[in-house]
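A.B. asks: One structure coming up, written as structure tokens, with questions to follow.
The values are calculated or read from the model by the stated rules, or taken from the named source; none is laboratory data. Treat the numbers as computed from the prediction; the structure is a model and nothing was measured. Accessible surface areas use protein heavy atoms only, side chains included; no ligands, DNA or RNA. Shrake-Rupley method; radii C 1.70, N 1.55, O 1.52, S 1.80 Å.
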Amino acid sequence: MENKKIIISCDTTIALTKEEILKENLYVIPLNAIVDGVEYHDSVDIDANKLSSLMRSGAKVTTSTPTLGEIEKYFDDLFNKTNADVIIHFTISSKLSSMYSLFTNFCNEKYNGKVKVVDSLSICCWMLNQVKYAKHLVSLGYDADTIIDKVKTELVGTEDCAFIPDSLEYLKRGGRISPAIASIANLIGVLPILTFKDGVVGKKGMTRTLTKACINAIKEWLDNIKDFDDSYVFVIVYTDDLCKEKVARAKDLIKELAPKAKIEVSPLSLNVTAHTGPGTVGIGIKKRYKA
């Protein structure tokens, strides 16, 4: 235990609104989206729902990391505002973005150990789970290194999720599938099942329906994880408001196959939406941490 004041920080990959960030008393640096050449800041002047609408209208979208100037201002302001001795900052998975290396290199040089950057190897609600656990550990009086070690040991790498995009168009635009594969898949009416596990987005197979993909994923987790209800909750993730029917269907399937399981519904982050496209829905599991 130590008396140093520790602040937990992260980026907007946690997929909360401005109002939710304030309610949770979180310190969050916004990521950037460039839409038809115009730069927006996540959870400031754009969110995944607005981005989905723009993408459906044909907008060209890319994402970018904060500038070094933005990073410096963010941490300088945070130190001044909180009088923190140490900031623990969580980033999106290093296997999906350069954020971790960017922040680590800059903060090591600028703050000399006062900002400790953690690779969450995660996204969205799973990254938020780590942030909330770290905040809980701060409240218990743990020192910074112990907090980081406990989060890494107990939560990092425990998530699993299967995503089903609504269209292959956005994956094709981002170079994540070839035009040839996209054409064949569209011809025979199938979509890829994308997975998120161990910090990486992969491809598990193909499906014709969300229902079949969800059933297979639910059964696999229930069969393979001992004491599921005590250790994990189901999570349904989605990009935008037009996914409501798919979300409801996924929730019904979980209730049918695992009636005692806890279910949470959470949005996908802007940076995930930008690559999978609007209409994407996923079903996953999130580990409970011991409060």
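A.B. asks: Gap in Å between the Cα centre of segment 39-96 and the Cα centre of segment 11-28?
C.D. replies: Between the Cα centres of segment 11-28 and segment 39-96 lies a distance of 11 Å.
A.B. asks: Right, next: If one takes the longest principal axis of the Cα atoms in the chain, at what angle in degrees, from 0 to 90 and to the nearest 10, does the Cα axis of helix 124-139 lie?
C.D. replies: 30 degrees
A.B. asks: Just to confirm, what accessible area per residue do you get for segment 115-155 at 1.4 Å probe, in whole Å²? Provide the component values of the computation, followed by the final result.
C.D. replies: On the way: 1340 Å² over 41 residues.
For segment 115-155, the per-residue accessible area is 33 Å².
A.B. asks: Still on this structure: Share of segment 207-291's accessible area from carbon and sulfur, percent, 1.4 Å?
C.D. replies: Values: 1980 of 4210 Å².
Here carbon and sulfur together make up 47 percent of the probe-accessible area.
A.B. asks: Moving on. I'd like the carbon and sulfur percentage of the solvent accessible area for segment 61-168, probe radius 1.4 Å, heavy atoms only, ligands and nucleic acids excluded.
C.D. replies: Whole-percent figure for carbon plus sulfur exposure: 46.
A.B. asks: With a probe of 1.4 Å, find how much accessible area segment 1-73 has per residue, and write the answer as a whole number in Å².
C.D. replies: 53 Å²
A.B. asks: Determine the relative contact order of segment 1-77: mean sequence separation of Cα pairs under 8 Å and six or more apart, normalised by residue count, in whole percent.
C.D. replies: For segment 1-77, the relative contact order is 27 percent.
A.B. asks: Accessible area per residue for segment 184-291 in Å², computed with a 1.4 Å probe and the full protein assembly in place, what is it?
C.D. replies: With all protein chains present, segment 184-291 gives 51 Å² per residue.
A.B. asks: Right, next: What angle, in degrees between 0 and 90 and rounded to the nearest 10, separates the Cα long axis of helix 179-188 from the longest principal axis of the Cα atoms of the chain?
C.D. replies: 50 degrees
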